[in-house]
1. Over the heavy atoms of residue 272, what accessible area does a 1.4 Å probe trace out, to the nearest 10 Å²?
2. What whole-number value in Å² describes the accessible area per residue of the chain for a 1.4 Å probe?
3. List the aspartates and glutamates whose alpha-carbon lies under 16 Å from that of residue 192, not counting same-chain residues fewer than 8 positions away?
4. Can you tell me the mean projection area, over all orientations, of the convex hull of the chain's alpha carbons? Units nm², please.
5. Would you mind giving the average projected area, over all directions, of the Cα convex hull of segment 247-317 in nm² with one decimal?
6. Put a dot 7 Å past each Cα toward the Cβ at residue 365 and residue 387; how far apart are the dots in nm?
7. Where in the chain is the longest stretch that carries no chymotrypsin sites (Phe, Trp or Tyr not before Pro) classed as loop by DSSP and with at most 13 other Cβ atoms within 10 Å?
8. When averaged across all projection directions, what area in nm² does the alpha-carbon convex hull of segment 71-118 cover?
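The values are calculated or read from the model by the stated rules, or taken from the named source; none is laboratory data. Given the structure is predicted, the values throughout are model-derived calculations rather than measurements. Reconstructed Cβ throughout: ideal geometry from the backbone, glycine too, with neighbour counts over all protein chains shown. Heavy atoms of the whole protein, side chains included, go into the accessibility calculation; ligands, DNA and RNA do not. Shrake-Rupley method; radii C 1.70, N 1.55, O 1.52, S 1.80 Å.
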Amino acid sequence: MLVSPIHFTGRTEYLHSQGATKKEALKNIENELRQAHTARMAYINAPNYQASLTRADDGGISFKYTLDGEPADVKNNPITPKHITNLLENFYRMDKIGFYHRDLTSEHIFYAKNGKVQIDSFSSASKFQNINGEFTCNNPNIPPFIMPSNTDSFEAQGLYDYIDNIEDEKEQFNFIKNYLVQKSDYHNSRAKLLLSEGFDSSSKAVMFEKAKAEAYENPSDDVVTFEKTKLEVNYISKEADKMWKTGKGLKDGKLRPKKCFIAGCLMLYALKLSTELKSKTDTLTQNANKPCDRKYFEYQRECVELLGTNIFNKTKEICSSNFSNINYGTKGLFLGTPEEEQSFKKCLEQINMNENYVNTFYSIDKLLKSYAELTNNWTPENNALHKREYTSKASVS
């Protein structure tokens, strides 16, 4: 295992893992240690784990490590410009070695009083590759021409959680604006990295990085508002997916029907926001005041279209599963009647094909309202009734 004894100067924490067997738990931890070692060799501020194993009371396995800093907290441990500088430096180093973290949630980044940051939970990290000018990555929302970015992972998972706790909207706006200003150099560095890797200066990968760098150098209100909405869309859709998995009991085997239904409501709301985002992007590609902004939105349009498609498909998957899921526990999961399900699916497909944004917004609002009403009215008794309706319909057909 790639670990070494360390002198504990910060708070002592434990890297803990469980598995079906001791061997499985040890394998999970060994992967974390190996990935963290790779990160440290690239000067990424990852934990240095102590070499001795400790056994937990529940039979799991833990490693001790030192931790400097605390998770970000708007009131007690706010993110400062120096934190952002250090964070972006660490993300760039990850990008440079083709290292994509995938778990940059707020609980895995620690902010010290001196402005330094530390990142843990590397076990789910993956390597991305460049194949003939296109990148492979485990993020379905990234078009293949874009070099995967750990800032995108951070923004989609951990940043909005912090921003949402800033009560004053003007302070939220200013925080995002200052963050983007600091990101400008990060994207310039990524453009230079791509050029050094043999990409042509006119390639979409390089041009996209340059467009972001220029737009962020002195970001307009349009750019800041767009980025804030994108943060919200990503956050809500990920929270919905997490809630859906919790509702299905994927981790603990405990079924929670209401969480499944609320996940459907959240996905419909994310679908509405992503449609608004696409509408704004289409407009700003043509009408943004600054030429650099028009170029920036031109590239972002492809990203937004992919994000919207993925959110639509996830919305369809979650909501349809909630209507008639015979495999949910022993009783199945049935949100409404077969007729209500068909009506929902028909309306959803019309939204997908509709190019009129005004009509689309109206249709999503209508769907969200009806879905929320079904959620509020659901009871175990109604579930049994709907199940009989589905069974009866299936036997007739």
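1. Accessible area of residue 272: about 40 Å².
2. Details: 19820 Å² over 397 residues.
Counting only protein heavy atoms, the per-residue value for the chain is 50 Å².
3. 89, 95, 200, 209, 214
4. On the way: hull surface 91.9 nm².
Dividing the Cα hull surface by four gives the mean projection, 23.0 nm².
5. Numbers: hull surface 22.4 nm².
So the mean shadow area of the Cα hull is 5.6 nm².
6. 3.8 nm
7. On the way: sites that count: 8, 43.
That gives 44-397 as the longest site-free run.
8. Values: hull surface 12.9 nm².
Approximately 3.2 nm², given one-decimal rounding.
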